[in-house]
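A short worksheet on the structure shown next.
The values are calculated or read from the model by the stated rules, or taken from the named source; none is laboratory data. These figures come from a predicted structure and were not determined experimentally. Here the Cβ is made from the backbone with ideal geometry for all residues, glycine too, and neighbour counts use every protein chain on show. What goes into the accessible areas is simple: the full protein's heavy atoms, side chains included, and nothing from ligands, DNA or RNA. Shrake-Rupley method; radii C 1.70, N 1.55, O 1.52, S 1.80 Å.
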Amino acid sequence: MSEAADSPNLHMATPSVYLDLWVWIRLARAAKGTPQEASDTSLLAAVRDASAAGVLFPLSATHYMEVGKIADPRQRADVSRVMASISHCRTMRSRRVLLRHQMLYAMHVSFGRPTFRPRPPRVLGIGAAWALVGERAPLILRGPSGKVDMDTVPELRDLLRKANQYAEFQLLAGPRDEEIENLRRHGYRPEAMREVTRSRLEWEETYAGMLADDPVSRHELRVRVQARELLHEHYELLRELLDEYRIDLHREIGLDTARPRSGRPRMTAFGDRMPSVRIAVDLKAELFSNQTKTWTMNALYDVDALGIAVPYCHVVVPDREMANLLSRSKAGPRTGTRIVTRLRDLPAELADLQAQVHAADGDPWDRDWIRPDEDFCTDMEDLRALAPHRPAA
């Protein structure tokens, strides 16, 4: 198995903390004045102070999917309000974009191609589109002649920024029940994502059944899980990059068809040089090794989220089960990430991170985050009042 030195340091430049959804729910309850534990009120204050000081609390694509599973629109809004006010809807980039860089780096180290060390992509961005597809998709203002140049109407710039903030809050919170019918007429189909996840879940359930009938050693299990991860989750990306750099994978891993397992050492080393893949493989191998454990969609969401959060964030707060599995694989020490297993330990971690902050993120888009239920309505009245008088772009 390769050493951590073979993998790049992927941490964001600004101190960052990834909170699993259960932590956000605890913070939302504290914000409503009904904390699950008395200490949650002081925890909320510590998180808010850290955010104001410049510590990042980025969201991931998994957060959007998990919040969308909350059936009660009011609860979704309550949780989303706290998430948006603390994270400012900063998001980590889509898994495919980040995995492309990791895979290129692994190819560079393992096969010598590309010959250059690949340039890392920008990880931190704003909004759901950044998390889901890897690109910004901000709202823009259009007039009769097309897009309005904000330099010509500076009084609208701040209002448009707040409109974008409110739109991102709404994307996180999801539609109210009475809005769904109209949205469906415009192509809204949230069950499509659940169908994809269900297919992935069936893939894991099928292999769990195979292992029950034909158990293998722990070492063999990990090799097989890694192969399944690369072929099922990342095959298109792998094939694309192999073709782009004209890499003959069989030759590079030293595969001898007369000795089918001859390519294993170099192939497993290649896979382990991608931090996100390695974390996912380790977590799944642990889950498969426990024959009493039933695979769930939540387990898949957790694996997806932690595969990205652990390499890129400085502190990660998963649920208890995933924290235990990460501890077994030594993912935290290997990546230089602190895995917080007890929520009461988080304020001390935040204090340490605050001391390391040199400058805020620097993106003016997320300054002065709006309070969705209060400031926004007044601001939009101002926007409507100004809009008829704006010059054409």
Pairs, first under 17 Å from residue 282 (Cβ atoms) in region 198-223, second among the charged types (D, E, K, R) and open to solvent by 70 Å² or more (accessible area, probe 1.4 Å), C-beta under 8 Å, six or more apart: 216/224
Where a residue in region 141-162 is closer than 22 Å to residue 127 by Cβ and aliphatic (A, V, I, L, M) and its partner, wherever it lies, is open to solvent by 100 Å² or more (accessible area, probe 1.4 Å) and part of a helix (DSSP H, G or I), with Cβ under 9 Å and at least six apart: 150/157
First in region 248-265 and within 16 Å of residue 110 (Cα to Cα), second anywhere and of a type in the set (Phe, Trp, Tyr), Cβ under 6 Å, 6 or more apart: 252/111
Failed criterion for residue 40 (all others in (1) among the acidic types (Asp, Glu); (2) crowded, with 16+ Cβ neighbours inside 10 Å; (3) modelled with pLDDT under 95 hold): (3)
Selection count where residues are out of contact with any strand residue (DSSP E or B) (no Cβ under 7 Å at 6 or more places or on another chain) and open to solvent by 40 Å² or more (accessible area, probe 1.4 Å), scope region 330-354: 13
Any hit, region 176-183, residues being open to solvent by less than 90 Å² (accessible area, probe 1.4 Å), at pLDDT below 90, of a type in the set (A, V, I, L, M) and assigned to a helix (DSSP H, G or I): yes
Positions within region 56-104 being in a helix (DSSP H, G or I), open to solvent by 20 Å² or more (accessible area, probe 1.4 Å) and under 23 Å from residue 307 (Cα atoms), in sequence order: 61, 64, 65, 66, 68, 95, 96, 97, 100
Given (1) at pLDDT below 95; (2) more than 30 Å from residue 147 (Cα to Cα); (3) not in a helix (DSSP H, G or I), number of the condition residue 316 does not satisfy: (1)
